[in-house]
Structures are given as C-alpha cells and as structure tokens.
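*Asks:* After the structure tokens below, expect a handful of questions from me.
The values are calculated or read from the model by the stated rules, or taken from the named source; none is laboratory data. These numbers were taken from a predicted model, which means no experiment stands behind them. Quick reminder, even Gly has a Cβ in these numbers, built from the backbone with ideal geometry, and neighbours come from all protein chains shown.
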Amino acid sequence: MSTSRLRYALLGLGSLAYTALMFVWFSVPAWLAALSADFGLTSTQAGLLTGAVPLTYVPVALFSGVVTDYVGPYRAIGTGLLLFGGAQVGRAAADTFPVLLALTVVVGFGATTITFGLPKLVSEIFPPEESGTPSSVYVVGSLAGTAAAFSLGRGVLGPALGGWRPLFYYTGLAVLAYAVLWWVVVRWAPLEEVRHREPTGESEGEDEGEGEGATTDEDEAVLSVASLRRDVGRVFASPSMRLLVVVGVVYLLVVHGLQNWLATVLQSRGVDPTLAAMLVSGFVAAEAVGTLAVPTLSDRLGERGTVVAGCAALCFAGTATLLVPGVPLAVPVVGALAVGLGVGGISPLVRMVPAELDEIGPELTGTAVGLVFAVGELGGFLGPFLVGVLYDLTGTYAAGLGVICVGCLAAVLAGHRLPV
C-alpha cells in the first residue's frame with residue numbers, strides 16, 4: 001500500500017473510532033425518556049446524566065491531551081476504544097442511577113483519548129496546509145455516530161433487539177471487537193513511513209524513533225515531569241488560545257445543550273418520539289454539512305475568525321426560533337437545522353486553529369486542543385444540566401435555551417478577535 005493510501009486508511013479507521021464513540025455517547029440522550037422512566041429520574045438527574053461525559057473532560061482533558069502528545073495517537077485511540085466499549089457493556093446491566101452515572105463517566109474518560117488522538121493523528125501524518133479535509137473527515141465520522149444513535153439505535157436496532165439494555169450490550173461488544181482490530185492494525189502497519197516530516201534537518205531528527213513517539217522511553221519519563229509543565233504554560237500564555245477557549249465553551253454549550261434536549265423539547269410540543277429522534281438526526285446531518293463546507297470556505301476567505309463568528313451568529317438565530325411559542329413546527333425545525341449548520345462549522349475549526357498559531361504549532365496540538373476541551377466542556381456540562389435544572393425550576397425549556405443564546409453572542413465577539 002502506498003504512503004498516501006495508508007495515511008487515509010489510518011484516518012478512516014480513526015474516524016470509525018470516533019463514529020463508535022459518538023454512538024455510545026449519544027445512546028443515553030437518544031433513550032433519555034426510557035431511561036428516565038426506568039430509573040425514575042428527575043429532569044435535574046437526566047441533565048446530570050447527559051452532561052456527565054462533558055463534565056468528565058473538565059478535570060481530565062488537559063492531562064489527556066498532554067499525554068496524547070507523548071504516547072502518540074495510536075495508543076491513545078486504542079485505549080479509548082477499550083474504555084468506552086467496556087463501559088457501554090456495563091451500562092446495559094446497570095440497576096441504579098449511581099452505577100449508570102459512574103459508567104457514563106468512564107465513557108467520558110475514553111472519549112478524551114479519541115477527541116485529542118485524532119487531531120494529533122492528523123498533525124502527524126498530514127502537513128498543516130493539507131489538514132482541513134482530514135479534519136473534516138473525522139468530524140463527519142463523529143456526526144455519523146451521533147445521527148446513528150438517534151436514527152438507527154433509537155429507531156431501528158433498539159426496538160428490534162428489545163430495548164435499550166440489549167442495544168447497549170451488543171454495541172459495546174462491537175466496540176470492543178473494533179478495539180482489537182485497531183491494535184492489530186497499528187501493531188503491523190509501517191507507521192514511521194506515514195509520519196509527516198518537516199523539510200528541515202532538525203525536524204527530521206526530532207521525528208526519528210521507534211513506534212509512534214519521537215522520543216525514547218527514558219526521554220518520555222523526563223518529559224512527563226518537566227516538559228509537561230513547560231508545554232502547558234506555553235499554551236496557557238497564548239492570548240489567541242484564550243479566545244479559542246471562549247469559542248470552545250460556547251460551541252460545547254450549544255452542541256450538548258441543544259443536541260441532548262432537542263428530542264425532548266420537540267416531544268413537549270407534541271411531536272411523536274420516533275419523529276423527534278429523526279429530527280435530531282436531521283440536526284446532525286446539518287452539522288455534517290457545516291463540517292464539510294465551512295473549513296473550505298474559511299480556506300478561501302483566509303479569515304477563520306470571521307467564519308467562526310458567523311457560525312456563532314447562525315447558532316444564536318437558530319436557537320432563538322426555539323423560544324417562540326405557538327408557531328408551526330417548521331419554524332423550530334428550520335431553526336434547529338441552522339444551529340446544526342453553525343456548530344458543524346465551528347467543530348473542525350476549533351481543532352484546526354491551534355496548529356496554525358505561531359505560538360502553538362503541530363507539536364503542541366494535543367495540549368492546545370486539550371485546553372480547549374478541558375475548559376470548554378464546562379459549557380458542555382452546563383448546557384444539558386442547566387436546561388434540565390431550569391426546567392424543574394420554571395416548568396419551561398425557554399430559560400435554558402435563553403442561556404444558550406447569550407453564549408452564542410459571546411462566541412461571536414471572540415471569533416471576531418481571533419488573529420487567523
């Protein structure tokens with residue numbers, strides 16, 4: 001197999017890992033009504049459950065991103081598959097809410113390794129000027145998993161298998177089987193042949209080494225103590241990264257807050273549960289369109305910050321339509337599709353921008369993306385959690401959706417100030 005084909009084969013396999021992750025992740029939101037009934041959950045508990053994976057990122061993400069920079073993307077992705085696949089099998093047998101919540105946190109641990117492993121993989125095997133399309137590919141893979149959780153998992157496989165428990169069990173086993181395949185491939189594939197090397201002699205020297213990493217085991221032991229602190233400090237010191245973190249917080253606030261609750265919000269308006277799940281799949285399809293189209297648009301314009309701001313403005317307008325009561329169903333549906341298009345465009349950009357910043361570059365991509373998600377997943381947790389809590393307090397979803405709208409305006413301002 002040629003080097004180019006091997007690169008895209010690895011990208012495709014990594015993207016399927018992301019597909020599997022998002023199917024497992026969003027199996028809970030897809031079956032939230034059934035889970036709430038079986039476990040007797042309040043809206044606050046349901047919000048905590050759907051926000052558990054994003055919340056896990058807050059203490060774990062930065063460390064996971066730094067570790068990914070040093071152990072390499074292949075080990076990170078393989079470990080993640082084992083973690084969330086095993087947790088999905090365990091959730092099928094959960095008999096109490098605390099057990100279900102704890103296993104969902106384990107899914108979150110595995111999720112971090114995929115989230116940071118794939119940008120690291122792209123930065124290692126593709127040059128920066130060619131990273132846009134590969135980044136879109138794996139993000140589309142993640143969206144396919146999300147859509148499948150609602151349409152295929154909720155609408156087809158779950159009913160056919162007899163409910164959410166057998167669905168969780170068999171899909172967890174499928175992920176574990178895929179983990180074995182991943183480890184076999186990366187064990188035997190000539191990984192050093194596909195590593196992208198800078199044209200300078202110094203960079204080439206840095207890339208030499210065995211396996212995935214560019215350092216020996218002894219070097220990694222030193223890096224894990226002293227260099228880890230240095231790299232994290234460099235990322236934190238970047239003003240551009242601070243702006244990107246704001247965008248990341250809002251992006252995750254929107255995508256988790258709205259995506260987790262959209263089916264339930266639509267059902268509260270009288271929409272059939274199966275149709276509501278299918279409409280969420282439409283939301284995810286709009287994300288895919290944004291993911292594929294927006295990076296190309298930003299390449300042509302040469303203004304990634306302006307494009308980010310435009311996507312955030314689209315999210316604001318779309319979410320605002322969900323606040324309007326007594327309108328035909330088509331209005332919130334179109335609004336939800338607009339939000340999907342906007343967050344789909346932001347998704348690859350927050351992963352691409354760090355590698356293009358002079359003070360970050362490809363070598364600190366894992367750490368930088370880890371920072372974005374470590375802080376950003378506060379928004380990922382607060383989105384679904386606040387929608388649930390505010391519903392318990394007010395009896396309406398409008399309050400939580402209003403918070404999301406305010407966040408979108410903050411992302412518009414941050415996007416305009418990004419120096420890319």
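*Asks:* Being modelled with pLDDT of 85 or more, touching a Leu at 6+ places or on another chain (Cβ under 7 Å) and assigned to a helix (DSSP H, G or I): is that true of Gly85 here?
*Replies:* So Gly85 passes the test.
*Asks:* Regarding segment 34-41, can at least one residue be identified that is hydrophobic (A, V, I, L, M, F, W, C) and either crowded, with 22+ Cβ neighbours inside 10 Å or on the phi > 0 side of the Ramachandran plot (or both)?
*Replies:* yes
*Asks:* Shifting gears a bit: Any residue in segment 176-190 that is touching a residue at least 24 places away in the same chain (Cβ under 8 Å) and β-branched (Val, Ile, Thr) sitting within a Cβ distance under 6 Å of a residue that is surrounded by 12 or more Cβ atoms within 10 Å (Cβ to Cβ) and in a helix (DSSP H, G or I)? List the pairs, counting only those 6 or more apart or interchain.
*Replies:* Listed by first residue and then by second, the contacts come to Val186/Tyr74.
*Asks:* Another one. Just the residues that are closer than 18 Å to Tyr18 by Cα and among the acidic types (Asp, Glu), please, taken from segment 130-171.
*Replies:* Selection gives nothing.
*Asks:* Another question, if that's okay. If a residue must be without any contact (Cβ under 8 Å) to a residue 60 or more places away in the chain and surrounded by fewer than 21 Cβ atoms within 10 Å (Cβ to Cβ), how many such residues does segment 347-402 contain?
*Replies:* Residues in segment 347-402 being without any contact (Cβ under 8 Å) to a residue 60 or more places away in the chain and surrounded by fewer than 21 Cβ atoms within 10 Å (Cβ to Cβ): 7 in total.
*Asks:* So, restricting to helices (runs of 4 or more DSSP H) that lie completely within segment 1-71, which ones have at least 2 residues that are under 27 Å from Asp272 (Cβ atoms)?
*Replies:* It comes to 3-25, 27-30, 32-39, 43-50.
*Asks:* Looking at (1) free of Cβ contacts under 8 Å to residues at least 40 places away in the same chain; (2) within 25 Å of Asp299 (Cβ to Cβ), which is the one condition that is false for Leu121?
*Replies:* In the conditions (1) free of Cβ contacts under 8 Å to residues at least 40 places away in the same chain; (2) within 25 Å of Asp299 (Cβ to Cβ), Leu121 misses (1) alone.
*Asks:* Related question: Being part of a helix (DSSP H, G or I), more than 18 Å from the chain's Cα centre (by Cα) and within 23 Å of Val333 (Cβ to Cβ) narrows it down to one of Leu297, Leu266, so name that one.
*Replies:* Only one candidate passes the filter, namely Leu266.
*Asks:* While we're on this one: Do the conditions hold for Gly117, that is, is it under 25 Å from Leu55 (Cα atoms), of a type outside the set (A, V, I, L, M), modelled with pLDDT under 95 and assigned to a helix (DSSP H, G or I)?
*Replies:* So Gly117 fits the description; yes.
*Asks:* Checking the structure you have, find out if any residue of segment 139-149 is aliphatic (A, V, I, L, M), free of Cβ contacts under 8 Å to residues at least 12 places away in the same chain and part of a helix (DSSP H, G or I).
*Replies:* No: zero hits.
*Asks:* Determine whether Gly395 is closer than 26 Å to Gln267 by Cα and either of a type in the set (Gly, Ala, Ser) or in contact with a Phe, Trp or Tyr (Cβ under 8 Å, 6 or more places away or on another chain) (or both).
*Replies:* yes
*Asks:* I need the helices (runs of 4 or more DSSP H) fully contained in segment 318-419, keeping only those with at least 3 residues that are modelled with pLDDT under 85, closer than 30 Å to Thr44 by Cβ and not aliphatic (A, V, I, L, M).
*Replies:* Counting at least 3 such residues, we get 365-394.
*Asks:* Scan (1) closer than 17 Å to Val265 by Cβ; (2) surrounded by 17 or more Cβ atoms within 10 Å (Cβ to Cβ); (3) not small (Gly, Ala, Ser) for the single condition Pro325 breaks and write down its number.
*Replies:* (2)
*Asks:* Same structure, new question: Return a yes/no flag: does segment 262-275 have any residue that is basic (Lys, Arg) and under 28 Å from Lys120 (Cα atoms).
*Replies:* No: segment 262-275 contains no residue that is basic (Lys, Arg) and under 28 Å from Lys120 (Cα atoms).
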